[in-house]
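The values are calculated or read from the model by the stated rules, or taken from the named source; none is laboratory data. Keep in mind the model is a prediction, meaning the values are calculated, not measured. Note: ideal-geometry Cβ built from the backbone for every residue, glycine included; neighbour counts use all protein chains shown.
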Amino acid sequence: MAPPEALLLIDIDGKGRSCVLSGPNWLFWEEDVNQQKLLYLETFGCQMNVSDSEKITALMQGIGYGVTGEPKHADLILLNTCSIRAKAEQRVYGHLGRYKSLKAAKPGLLIGVGGCVAQQEGERLLAKLPFVNLVFGTHNLHLLQGMVLAAQKGKRCLETDFVDDEKRFDLFPGTATEGGVTRFVTVMQGCDNFCAYCIVPYVRGREISRSADKVLAEVERLSAAGVAEVTLLGQNVNSYGGRKPGEPDFADLLRQVAGVEGIKRLRFTTSHPKDISPELIECFATIPKLAPHIHLPAQSGSDRVLTLMNRGYTRGDYLAKVAALKAACPEIQVTGDMIVGFPGEDEEAFAQTLALMEEVGYADLFSFIYSARPGTKAADYADDTSRALKQERLERLQSAQKKTTLAKNRALEKSVQRVLVEGLGTSGDCLFGRTGGNRGTILNGDLSLSGRIVDVKIVEGLQTMLRGEICHV
Ligand code: SAM
Ligand code: SF4
C-alpha cells in the first residue's frame with residue numbers, strides 16, 4: 001500500500017502543537033491545537049462605538065476568547081456597526097460579504113453584528129444574511145456573553161430590545177482598565193433631540209444619564225489602574241442630569257470628576273450648542289484639569305437651514321457661545337461638524353456656513369455630505385441639489401478648513417505645549433501625545449513617560465499633527 005502523502009500528528013510535543021509529516025520535513029502548524037478561541041472585532045463609527053468595543057472585548061475575554069487582528073485566524077468575528085450615513089451602512093455589508101467567504105472555508109466560524117445597523121435592521125439582518133449567527137442592539141451588550149455561548153451550540157440569536165430607564169447603566173459593562181492611559185467614561189446614552197437628519201435617537205434610544213456616583217466610582221477605578229486622562233462620553237453630554245432637585249448637572253459632574261486624585265486631564269464629548277450653560281463655560285476658566293478644547297458641532301451657518309435641521313439655536317446663538325468660551329479660556333481650541341447639501345441649502349446658505357467657519361476659526365472640522373436616513377424627518381424633505389454640486393461644496397469647505405488647520409498648527413511653532421504622553425506613535429520609533437487643545441504631537445523620549453504631562457517645544461506644525469521636543473519633564 002502506498003504511504004500517505006502527508007501524516008497529521010496532533011499534539012506532537014505535548015504542548016498542543018501539531019505537525020504534518022511530509023517527506024523529510026516536519027512542518028509545524030503555527031496554530032496551537034489547544035489554543036484559546038480568538039475574537040476579531042471590527043469597529044465602525046463614533047467614540048461611542050469605540051468605547052462599546054472595548055467593553056465587548058472585555059466581555060469576550062471573560063468567556064475565554066483571545067484577540068486577533070486577523071479575521072482569518074478568528075473563531076468569532078464581531079462587527080460593531082454605524083448607520084449614521086448610508087455609506088457607513090454599506091461598508092458594513094461589504095465587510096460582511098468578505099467574512100461570508102471566510103466562513104465558507106471555516107464552517108465553525110461565528111459571525112455577529114452589533115451596534116447601530118444591528119439596532120436598525122434587527123430581524124431583517126438575520127433573515128437577509130443566513131451566515132450571521134447573532135445580532136445584538138445598542139442596549140444589549142449585557143446579553144452578549146450568553147448569546148455567543150448559545151451560538152457556539154448552534155443557536156441563531158437576536159437581541160435588540162431597548163432598556164429605557166436607569167437600569168441600563170446597571171446592566172451596562174464598565175470601562176475596561178486595560179487599554180492605555182486615556183479612557184472614555186460613559187456618562188449618558190441616547191438622544192432626545194431628533195435633529196431632522198439624524199438616526200441616533202432611533203438607534204440609540206432615549207437620553208438617560210448615569211448616576212454621578214457610578215461615574216465617579218469608575219473614574220476612581222481607572223485612576224487606580226494608572227489612567228491619566230478621562231473623556232466623559234455621551235451623544236449630548238451638556239444635557240446630563242440636573243432634572244431632579246439636587247441632582248448634579250454636567251458642570252457639577254465635571255467638578256466632581258476633576259477632584260479624583262490621579263486624574264491629570266479631563267475632556268468631554270459631544271456637546272450640543274443649545275445645551276451649553278454659562279456654568280459649563282465657566283468650568284473652562286475654573287477647572288485647571290479641564291483641557292482647553294471643545295467639540296461643538298454647528299452643522300450649518302444658515303439660520304434657515306438650522307431651523308430645517310431642528311437644531312434649536314441660531315447662527316448668532318452659536319457664535320455667542322463660542323465667544324463666551326474664548327473669553328473664559330483664551331487658548332481654547334474649537335472643533336466641529338458640518339453637513340453640506342442638506343435639503344434647502346442654497347448657495348447663500350452655504351456661503352453663510354463658510355463665513356461661520358472663518359469666524360470661529362476651527363482647529364479641525366469633520367464635514368459630511370447630507371445622507372438621507374430611514375425614518376428621519378428630513379428623509380421626507382424635497383432635495384433638488386445635485387450630488388455633483390454637494391460634492392463641490394464639500395470640497396470647497398474642506399479645502400478652506402485645511403488651510404485654517406495648517407495655519408493654526410504652524411502658529412504653534414516655537415510655543416511650549418503641555419503634552420500628555422499616550423505611548424508609542426504608529427511608526428514605533430517615537431512617542432505620541434496630545435496637547436491640551438487636542439493636537440496630536442510626535443516627540444522623542446522614553447516610553448516610561450507614558451501617562452505623564454510634559455512640556456514640549458513645538459518645532460513643526462504639520463497638516464495633521466505637531467512635531468515637538470521635550471523641554472521639561
Ligand atoms: N450629537 C452630536 C451633535 O449633536 O452634534 C452628533 C453626533 S453624530 C454621531 C456625528 C455627526 O454626524 C453629526 O454631528 C453630523 O455632522 C453627522 N451626521 C449625522 N447625521 C447625518 C446625516 N444624516 N448625514 C450626514 N451627516 C450626518
Ligand atoms: Fe443626532 Fe442631533 Fe442627537 Fe446629535 S443631537 S445625536 S445630531 S439627534
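Tabulated data
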quantity: Elements of type helices (runs of 4 or more DSSP H) contained in the range 107-162, each with 1 or more residues being in contact (Cβ under 8 Å) with a residue 40 or more places away in the chain and in contact with a strand residue (DSSP E or B) (Cβ under 6 Å, 6 or more places away or on another chain); calculated: 115-121, 144-152
quantity: Residues (surrounded by 16 or more Cβ atoms within 10 Å (Cβ to Cβ), in a helix (DSSP H, G or I) and aliphatic (A, V, I, L, M)) located in the range 51-86; calculated: Ile56, Ala58, Leu59, Met60
quantity: Members of the range 378-388 found to be part of a loop (DSSP other than H, G, I, E, B) and free of Cβ contacts under 8 Å to residues at least 60 places away in the same chain, listed by number; calculated: Ala382, Asp383, Asp384, Thr385, Ser386
quantity: Considering residues of the range 189-209 that are in contact with a strand residue (DSSP E or B) (Cβ under 7 Å, 6 or more places away or on another chain) and within 11 Å of ligand 1 (Cβ to nearest atom) only, the residue farthest from Leu232 (Cα to Cα); calculated: Tyr197
quantity: Where Glu89 falls short, out of the listed (1) buried (at least 20 other Cβ atoms within 10 Å of the Cβ); (2) more than 26 Å from Gln189 (Cα to Cα); (3) of a type in the set (D, E, K, R); calculated: (2)
quantity: Residue that is nearest to the chain's Cα centre (by Cα) [pool: residues in the range 169-203 that are at negative phi and of a type in the set (Phe, Trp, Tyr)]; calculated: Phe184
quantity: Residues of the range 167-188 satisfying the condition of being closer than 15 Å to Val227 by Cα and either surrounded by fewer than 17 Cβ atoms within 10 Å (Cβ to Cβ) or within 11 Å of ligand 1 (Cβ to nearest atom) (or both); calculated: Gly174, Thr177, Glu178, Gly179, Gly180
quantity: Near pairs, Cβ below 6 angstrom, 6+ apart or cross-chain, from the range 182-197 (in contact (Cβ under 8 Å) with a residue 40 or more places away in the chain and over 18 Å from Pro374 (Cβ atoms)) to any residue that is within 8 Å of ligand 2 (Cβ to nearest atom) and in a strand (DSSP E or B); calculated: none
quantity: Complete set of residues in the range 308-349 that are more than 21 Å from Phe284 (Cα to Cα) and either without any contact (Cβ under 8 Å) to a residue 12 or more places away in the chain or more than 16 Å from ligand 1 (Cβ to nearest atom) (or both); calculated: Thr314, Gly316, Asp346, Glu347, Glu348
quantity: Any pair with Cβ under 7 angstrom, 6 or more apart, that starts in the range 249-269 at a residue that is buried (at least 20 other Cβ atoms within 10 Å of the Cβ) and ends at one that is at pLDDT below 95 and in a strand (DSSP E or B); calculated: Phe250/Gly241; Leu253/Gly241
quantity: Counted residues, the range 82-105 - those being out of contact with any Ser or Thr (no Cβ under 7 Å at 6 or more places or on another chain) and within 16 Å of ligand 2 (Cβ to nearest atom); calculated: 4
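Every residue, every condition in (1) exposed (fewer than 14 other Cβ atoms within 10 Å of the Cβ); (2) among the small types (Gly, Ala, Ser); (3) modelled with pLDDT of 95 or more, yes or no:
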{"site": "Phe368", "(1), (2), (3)": "no, no, yes"}
{"site": "Ala372", "(1), (2), (3)": "no, yes, yes"}
{"site": "Tyr381", "(1), (2), (3)": "no, no, yes"}
{"site": "Asp384", "(1), (2), (3)": "yes, no, no"}
{"site": "Ala411", "(1), (2), (3)": "yes, yes, yes"}
{"site": "Val421", "(1), (2), (3)": "no, no, yes"}
{"site": "Ser427", "(1), (2), (3)": "yes, yes, no"}
{"site": "Arg434", "(1), (2), (3)": "no, no, yes"}
